[in-house]
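The values are calculated or read from the model by the stated rules, or taken from the named source; none is laboratory data. Quick caveat, the model's predicted, so the values are computed rather than measured. Here the Cβ positions follow ideal geometry from the backbone for every residue, glycine too, while neighbour counts run over all protein chains shown.
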Amino acid sequence: MPSQPHFTPEEVEKHVHGMDASVDLINKLIQENVKNQETLDTMSRNVRHLEIMLAFDDIKNSEWDLAAYNTAITNGTAWMTA
């Protein structure tokens with residue numbers, strides 16, 4: 001398995017803000033509830049982005065509260081399969 005990159009605290013903060021954008025988009029898609037190939041692909045990409053970012057040790061072991069990201073993954077996945 002390849003080693004993970006290491007992020008500085010500033011880089012972690014930048015990634016977390018990018019993750020916030022994914023949470024916002026996931027919530028927007030759920031609220032609008034328009035399911036077509038484009039929205040399903042967008043949801044899938046954003047859920048996967050959060051999953052990938054949360055797998056990085058420097059992010060998952062940071063002092064940031066990650067609950068909103070896990071909730072967005074759960075809600076986005078449920079929306080895609082409903």
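Please work out which one of (1) in contact with an Asp or Glu (Cβ under 9 Å, 6 or more places away or on another chain); (2) in a helix (DSSP H, G or I); (3) not hydrophobic (A, V, I, L, M, F, W, C) is the condition Asn75 fails and give its number.
(1)
Being free of Cβ contacts under 8 Å to residues at least 12 places away in the same chain and in contact with a Leu (Cβ under 7 Å, 6 or more places away or on another chain), is that true of even one residue in region 45-58?
So far as region 45-58 goes, no, none of its residues is free of Cβ contacts under 8 Å to residues at least 12 places away in the same chain and in contact with a Leu (Cβ under 7 Å, 6 or more places away or on another chain).
Of (1) surrounded by 14 or more Cβ atoms within 10 Å (Cβ to Cβ); (2) out of contact with any helix residue (DSSP H, G or I) (no Cβ under 6 Å at 6 or more places or on another chain), Ser3 satisfies all except one. Which?
(1)
Kindly indicate the residue of region 6-45 that is in contact with a helix residue (DSSP H, G or I) (Cβ under 7 Å, 6 or more places away or on another chain) and not in a helix (DSSP H, G or I) and also modelled with the highest pLDDT among those meeting that condition.
Step by step, filter region 6-45, then rank; the result is Phe7.
Just to verify a result, which residue in region 59-82, among those that are free of Cβ contacts under 8 Å to residues at least 12 places away in the same chain and farther than 15 Å from Asp24 by Cα, is surrounded by the most Cβ atoms within 10 Å (Cβ to Cβ)?
Lys60
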